[in-house]
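First the structure, in the form of structure tokens, and then the observations on it.
The values are calculated or read from the model by the stated rules, or taken from the named source; none is laboratory data. No experiment lies behind these values; they were computed from the predicted model shown. No Cβ is skipped: glycine too gets one built from the backbone with ideal geometry, and neighbour counts run over all protein chains shown. We work out accessible area using only protein heavy atoms, side chains counted, and drop any ligands, DNA or RNA first. Shrake-Rupley method; radii C 1.70, N 1.55, O 1.52, S 1.80 Å.
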Amino acid sequence: MSLTVPAAPDTPTCAAALEVATAYCTPALLNHSVRSYVWASAYAADRGIEYDAELLYVAALLHDVGLVPEFDSHTVAFDEAGGHVAWVFAAGAGWPVERRQRLSEVIVRHMWDSVDVQEDPEGHLLERSTAVDISGRNAEDFAPGFRAQVLDRYPRLGLADEFLACFRDQAARKPESSPAALVRGGLAERILANPHPLES
């Protein structure tokens, strides 16, 4: 299948999520968030995975908002903090409680080692796409031409160094958090050892 870069779902909530992410995220983190949706949506289209596009897009745009200074929590991991921020955002958007909870779950689960696609397709897609974008895991799912097209539209802008600095800070302050576990597990070495697979 020939993939094309997917557009954002055309809903007011998606537009508001982009506005929030643009206001609070650095350019590198914003592009990472948008690319996460792009990889997820394209992978789903290629594999015939049915998913809620609005839910996935909002989760992708807000999944790292817990890393930014304004929403950083000193008591819970950034993924949990992001889930709480997203719940509040979705309440303001008029989403029912069950949908707000789903949004929060998808954001928290993006840090899991794996998410069952049958149980949670949006969580599965976001977990997989963020791993592709950060460490290059499963980058071979996408043809080089498609990867180049995505990176041309949404460049990385030094994401690796910025992201690692955020995770190291989280790990130092919250040693029981998911970023701390990844840092202890050699995340920096995996990211920095070689050129990112998406760029090769």
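Assorted remarks:
- Filter result for the condition that a residue is of a type in the set (A, V, I, L, M), assigned to a helix (DSSP H, G or I) and open to solvent by 10 Å² or more (accessible area, probe 1.4 Å), over Leu18, Leu61: Leu18
- Failed item, numbered, when Val85 is tested on (1) touching a Pro at 6+ places or on another chain (Cβ under 7 Å); (2) open to solvent by 30 Å² or more (accessible area, probe 1.4 Å); (3) not acidic (Asp, Glu): (1)
- Residue count, the stretch 126-148 (criterion: buried (at least 18 other Cβ atoms within 10 Å of the Cβ), more than 12 Å from the chain's Cα centre (by Cα) and of a type in the set (A, V, I, L, M)): 1
- The lone exception for Asn31 - which of (1) touching a residue at least 12 places away in the same chain (Cβ under 8 Å); (2) under 16 Å from the mean Cα position of the chain (by Cα); (3) open to solvent by 40 Å² or more (accessible area, probe 1.4 Å) it fails: (3)
- Summed over the stretch 34-50, residues that are of a type in the set (Val, Ile, Thr) and buried (at least 18 other Cβ atoms within 10 Å of the Cβ) total 2.
- Any hit, the stretch 75-84, residues being in contact (Cβ under 8 Å) with a residue 40 or more places away in the chain, at negative phi and aromatic (Phe, Trp, Tyr): yes
- Filtered residues of the stretch 116-141 (kept if touching a Phe, Trp or Tyr at 6+ places or on another chain (Cβ under 7 Å) and hydrophobic (A, V, I, L, M, F, W, C)): Leu125, Val132, Ile134
- Within the stretch 95-117, the set of residues being open to solvent by 30 Å² or more (accessible area, probe 1.4 Å), part of a loop (DSSP other than H, G, I, E, B) and of a type in the set (A, V, I, L, M) comprises Met111, Val117.
- Residue satisfying condition, being surrounded by fewer than 22 Cβ atoms within 10 Å (Cβ to Cβ), touching a Lys or Arg at 6+ places or on another chain (Cβ under 9 Å), at pLDDT 95 or above and on the phi < 0 side of the Ramachandran plot, within set Ala91, Ala53: Ala91
- Residue count for the stretch 149-183, restricted to those that are within 16 Å of Ala60 (Cβ to Cβ), open to solvent by 50 Å² or more (accessible area, probe 1.4 Å) and not in a loop (DSSP other than H, G, I, E, B): 1.
- Among the residues making up the stretch 118-148, a single one is over 17 Å from Val108 (Cβ atoms), charged (D, E, K, R) and outside any helix (DSSP H, G or I): Arg137.
- Conditions (1) within 21 Å of Pro121 (Cα to Cα); (2) touching a helix residue (DSSP H, G or I) at 6+ places or on another chain (Cβ under 7 Å): number failed by Gly48: (2)
- Selection count, the stretch 179-199, where residues are modelled with pLDDT under 75 and closer than 18 Å to Asp64 by Cβ: 5
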